[in-house]
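Following: one structure in structure tokens, then a few remarks.
The values are calculated or read from the model by the stated rules, or taken from the named source; none is laboratory data. These figures come from a predicted structure and were not determined experimentally. Using ideal geometry, Cβ is built from the backbone for each residue, glycine included, and neighbour counts are taken over all protein chains shown.
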Amino acid sequence: MAKHRRRKLHEEEDTDAWLITYADMVTLLLCFFIILFSMSSPDKTQFKKVAEALRKEGFYTSLMPAEDAYESLKQQLSLSLGASGYDQFMAVNQTPDAIEVELSSSAFFRQGSAKLTRDALPMLKLMSEQVLPLKDDDVTIEIEGHTDDRFVRSEQYPSSWELSAARAANVVRYLVAQGFPKEKLRAVGLADAHPKAPNRDTTGTPIPANQALNRRVVLKLKKGRE
């Protein structure tokens, strides 16, 4: 009788042994897909749909990555600009309130014009690809146009105020065309009211290098809606 019970217990153990192998296989598959995910750039909307479907089936309680896309944006942009060589025309900085992307106007616009140059388009494309993943997040992008102190007068732009505003507006229009929600964008023209460096020395002589620094467009990415 005892021998019969031992044989029956042994058969039950053999019957359940396959579960260990199955669990190992599932774990390895999970690790494999995590590695694939880490090497890819997944569509955020599609990933959410897949994660939600798996949660409904009871596989995992949460599959969304913990990384904050906003917080990682500065590093991603800096690496992309450095790898492409665009860092000589664009710069990324972080302040307590925002991530700032500064565009040199001389590389994006002709003198006295708000029309984007052909050379500016690939640079804007690279930047927009980094920014677009934030379009569903609670962020606002304020785009400021700045000029130097040289007076601009034309039929289209009577002063630097109109020119700086038009340049900011054209960058906004580009981002809208790429799919960024227009309600999260702001365009501001600041003319020469906020220079980075003095436009002229103490004798009133222009400082060309400083004037070039002051001609810029600045994108400020801020968390929250204003």
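Flag not set for Phe180, criterion: within 27 Å of Ala83 (Cα to Cα) and crowded, with 20+ Cβ neighbours inside 10 Å. Scanning the stretch 94-111 for residues that are at pLDDT 90 or above and exposed (fewer than 13 other Cβ atoms within 10 Å of the Cβ) yields a single hit, Arg110.
A residue that is modelled with pLDDT of 95 or more and out of contact with any strand residue (DSSP E or B) (no Cβ under 8 Å at 6 or more places or on another chain) occurs somewhere in the stretch 163-175. Would the stretch 132-151 turn up any residue that is free of Cβ contacts under 8 Å to residues at least 40 places away in the same chain, farther than 18 Å from Glu100 by Cβ, in the same structural domain as Phe109 (by TED's automatic domain parsing) and surrounded by fewer than 17 Cβ atoms within 10 Å (Cβ to Cβ)? Yes; the residues of the stretch 132-151 include at least one that is free of Cβ contacts under 8 Å to residues at least 40 places away in the same chain, farther than 18 Å from Glu100 by Cβ, in the same structural domain as Phe109 (by TED's automatic domain parsing) and surrounded by fewer than 17 Cβ atoms within 10 Å (Cβ to Cβ).
If I filter the stretch 51-71 for residues that are at pLDDT below 75, surrounded by 10 or more Cβ atoms within 10 Å (Cβ to Cβ), more than 16 Å from the chain's Cα centre (by Cα) and within 30 Å of Met123 (Cβ to Cβ), do I get at least one hit? Yes, the stretch 51-71 contains a residue that is at pLDDT below 75, surrounded by 10 or more Cβ atoms within 10 Å (Cβ to Cβ), more than 16 Å from the chain's Cα centre (by Cα) and within 30 Å of Met123 (Cβ to Cβ). When you scan the stretch 75-89, do you find a residue that is within 21 Å of Arg186 (Cβ to Cβ) and modelled with pLDDT of 85 or more, even just one? For the stretch 75-89, residues within 21 Å of Arg186 (Cβ to Cβ) and modelled with pLDDT of 85 or more: absent.
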